Amino acid sequence: MEPKFSKEEKKLLKAKNPEDYINKSLQCDITSGRKAYVTKYWLKITGNESSKLEYYRNRHPYWKAKKMEGTAERNVVRYAKHNYGDGTKKIWDNKLIQEFVNHNKKDKKGNYIHKDWELAKKFECTIATIQHMRRKYNMTVKIIEATLGKVTNKRLLDHLKMGEGTLRKMIRSL
């Protein structure tokens, strides 16, 4: 037996796909608790998965903007909380670069195994420094794969000693 739904809820239930559902959910005037109930019911009757709904929600302009609200403020707090540097410039020698390469691994999903703040703590520097090194690392891998083929530790070390601007120029010239 189908539960009782209001006119607004029935509009939402008529959505043909997850993308349509997200658009309609923004237009209807339903409380969040009731919307959650309707969503569960819609997923059940259509056979869609919540992961698909989440996928389209994360790409919708409204929700993208909502997610980005306050990111600058959150980052300022995060950077201040995880500032492990002593104010001096970090000298990245071969040993330190090699240690960074060893800790800068990704899992099967492509997410970094160690968070930027964890590496900042380990290397006694700032999150910005780790992000800088990760950008250089990613550019270096692209350059090596495009020009030299196989990525080796020696090639990584040679390229990671270069400046970020130099690596960017090399990327543009590929």
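Tabulated data for the structure shown
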| quantity | calculated |
| --- | --- |
| Debye, to nearest 20: dipole size of segment 78-172, +1 on Lys, Arg Cβ, -1 on Asp, Glu Cβ | 340 debye |
| Range of Cα positions in segment 78-172 per principal axis (Å), largest first | 40, 31, 25 |
| Protection proxy ranking, peptides 116-128, 51-63, 67-79, average beta carbon neighbours within 10 Å, highest first | 116-128, 51-63, 67-79 |
| Distance between modelled label sites at H103 and Y41, nm, 7 Å Cα→Cβ extension | 5.3 nm |
| Cβ-Cβ FRET estimate between V141 and D29, R0 fixed at 45 Å, reported to 0.05 | 0.35 |
| Volume of the Cα convex hull of segment 1-132, divided per residue and given in Å³ | 150 Å³ |
| Listed peptides 156-162, 98-104 by packing density, highest first (mean Cβ within 10 Å) | 156-162, 98-104 |
| Cα-projected label distance for E164 with K90, points at 7 Å along beta-carbon direction, nm | 1.2 nm |
| Of every Cα-Cα pair in segment 46-106, the percent that sits beyond 17 Å | 70 percent |
| Set K109/K136; K16/K105; K67/K115; K24/K136 screened for pairs whose C-alpha atoms are more than 31 Å apart | K16/K105; K24/K136 |
| Label-reachable residues, segment 44-81, where backbone N falls under 15 Å from a point 7 Å from F5's Cα toward its Cβ | 44-48 |
| Long-range amide H partners of K161 with built H, under 5 Å | none |
| Contact order relative to length of the chain, as percent, for alpha carbon pairs under 8 angstrom and 6 or more apart | 15 percent |
| Surrounding net charge for N58, when Lys and Arg each add one and Asp and Glu each subtract one, Cβ distance under 12 Å | +4 |
| Span from the segment 35-71 Cα centroid across to the segment 82-136 one, whole angstrom | 34 Å |
| Percentage relative contact order, segment 69-145, counting C-alpha pairs under 8 Å, at least six apart | 34 percent |
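None of the figures in this text is laboratory data; all of them are computed from the coordinates on show. What you see is a predicted model, and the numbers here were worked out from it, not measured in a lab. Glycine gets a Cβ as well: all are built from the backbone with ideal geometry, and neighbour counts include every protein chain shown.
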